[in-house]
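*Asks:* Could you have a look at this structure, given as structure tokens, before my questions?
The values are calculated or read from the model by the stated rules, or taken from the named source; none is laboratory data. In this text, all values refer to a predicted model and were calculated from it rather than measured experimentally. In this analysis, Cβ positions are derived from the backbone assuming ideal geometry, glycine residues included, and neighbour counts consider all displayed protein chains.
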Amino acid sequence: MLLLITDTSGKDGFVGLVRAEEGTEPDKVEVIEEVPLAGGTFSAQLVPQIAALLKKHEFLKTDIDAFVVVSGPGSFTGLRVGLAAIKALAEILQKPIVPVSLLEVLARYGHGIAAGDEAVQQVTFRYAVALDAGRKEAFVGQYEIVSASKTSHSFKCIAESLLDMRSLAELVESGASQWIATPDRAIADALKKRLGASQEHAIWDRVQRPRSAEIASVGWDKLRTGETVSPEQLEANYIRRSVAEIYSKPASSA
């Protein structure tokens, strides 16, 4: 299957074409090409870059089997632009949309650190992942994994939220999370400073912000289990409220 991947949640974004296997290797995804999108130009770049990418690899728009889109958390403007474009394309082509949380993708690719290479007995881990949200805050996902063996585990999202650095550090201090993974240096440094040398081992910064391969892999899993939405159902997962929402006046009661 041909999957179109888009991520406009960050300062910069990208669009990618990915081929997913349905035969002997059902979990395999192959990135055909990923094209960067410069921040601040998503509205002008996204659709033309999709068209150019398809033309370069001799695909038609109708060859796309599904859209995998990062639905958040992240930039209000970037997410609105990206999701609007995918809604329009999916509506025209009548193809399914798979929304994915960037926090979930990061969490699924970080769980191996918690389980360890030698995990052979059932062990439950609670951990968190964090992405820079600006304003000295972080988008945080808390997850639980039960590892039955090196290759067998169950994965569950406990919560996604917006936390300041103090509250994020308290996840480790309280034992709510055994470790926190982040690709953002500012978050890692702030947490290590707060936690001190005795607990800085619980901060993992050897992870990268997910790209097309990781997003496609999670999206492909969801697609196969029917976790898709229609264009009308696609919504952004902002986590942080917009300024308009924060300062809007409540409707007066009659």
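*Asks:* So which residues in segment 123-134 are modelled with pLDDT of 90 or more and among the aliphatic types (A, V, I, L, M)?
*Replies:* Across segment 123-134, the qualifying residues are Ala128, Val129, Ala130, Leu131, Ala133.
*Asks:* Any idea which residue in segment 135-173 is surrounded by the fewest Cβ atoms within 10 Å (Cβ to Cβ), counting only those that are polar (S, T, N, Q) and modelled with pLDDT under 95?
*Replies:* Thr151
*Asks:* Identify the residue in segment 219-254 that is modelled with pLDDT of 95 or more and aliphatic (A, V, I, L, M) and, among all such residues, is nearest to Asp7 (Cα to Cα).
*Replies:* Selected residue: Ala236.
*Asks:* For segment 200-222, enumerate the residues that are under 21 Å from Ser177 (Cα atoms) and either of a type in the set (Phe, Trp, Tyr) or in contact with a Pro (Cβ under 6 Å, 6 or more places away or on another chain) (or both).
*Replies:* Once the filter is applied, which keeps residues that are under 21 Å from Ser177 (Cα atoms) and either of a type in the set (Phe, Trp, Tyr) or in contact with a Pro (Cβ under 6 Å, 6 or more places away or on another chain) (or both), segment 200-222 yields Trp204, Val207, Gln208, Arg209.
*Asks:* Quick one: in segment 62-71, which of the residues that are in contact (Cβ under 8 Å) with a residue 60 or more places away in the chain and not in a strand (DSSP E or B) is surrounded by the most Cβ atoms within 10 Å (Cβ to Cβ)?
*Replies:* Top of the filtered list is Ile64.
This table checks each residue for (1) within 17 Å of Phe139 (Cβ to Cβ); (2) part of a loop (DSSP other than H, G, I, E, B); (3) touching a residue at least 24 places away in the same chain (Cβ under 8 Å).
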{"position": "Lys156", "(1), (2), (3)": "no, no, no"}
{"position": "Ala159", "(1), (2), (3)": "yes, no, no"}
{"position": "Leu163", "(1), (2), (3)": "yes, no, yes"}
{"position": "Val207", "(1), (2), (3)": "yes, yes, yes"}
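*Asks:* With respect to the numbered conditions (1) outside any loop (DSSP other than H, G, I, E, B); (2) more than 30 Å from Ala130 (Cβ to Cβ); (3) in contact (Cβ under 8 Å) with a residue 12 or more places away in the chain, which one is the sole condition not fulfilled by Glu22?
*Replies:* Status for Glu22: all satisfied but (1).
*Asks:* Oh, and also: So if I check each of Gly16, Gly82, Gly74, Gly10, which one is in a strand (DSSP E or B), in contact (Cβ under 8 Å) with a residue 12 or more places away in the chain and crowded, with 17+ Cβ neighbours inside 10 Å?
*Replies:* Sole residue among the options that is in a strand (DSSP E or B), in contact (Cβ under 8 Å) with a residue 12 or more places away in the chain and crowded, with 17+ Cβ neighbours inside 10 Å: Gly16.
*Asks:* What number of residues within segment 25-47 satisfy the criterion of being outside any loop (DSSP other than H, G, I, E, B) and either of a type in the set (Val, Ile, Thr) or not assigned by TED's automatic domain parsing to the domain that holds Arg80 (or both)?
*Replies:* Qualifying residue count for the region: 5.
*Asks:* Looking at this structure, is Gln94 more than 25 Å from Phe139 (Cβ to Cβ) and surrounded by fewer than 15 Cβ atoms within 10 Å (Cβ to Cβ)?
*Replies:* The answer is yes for Gln94.
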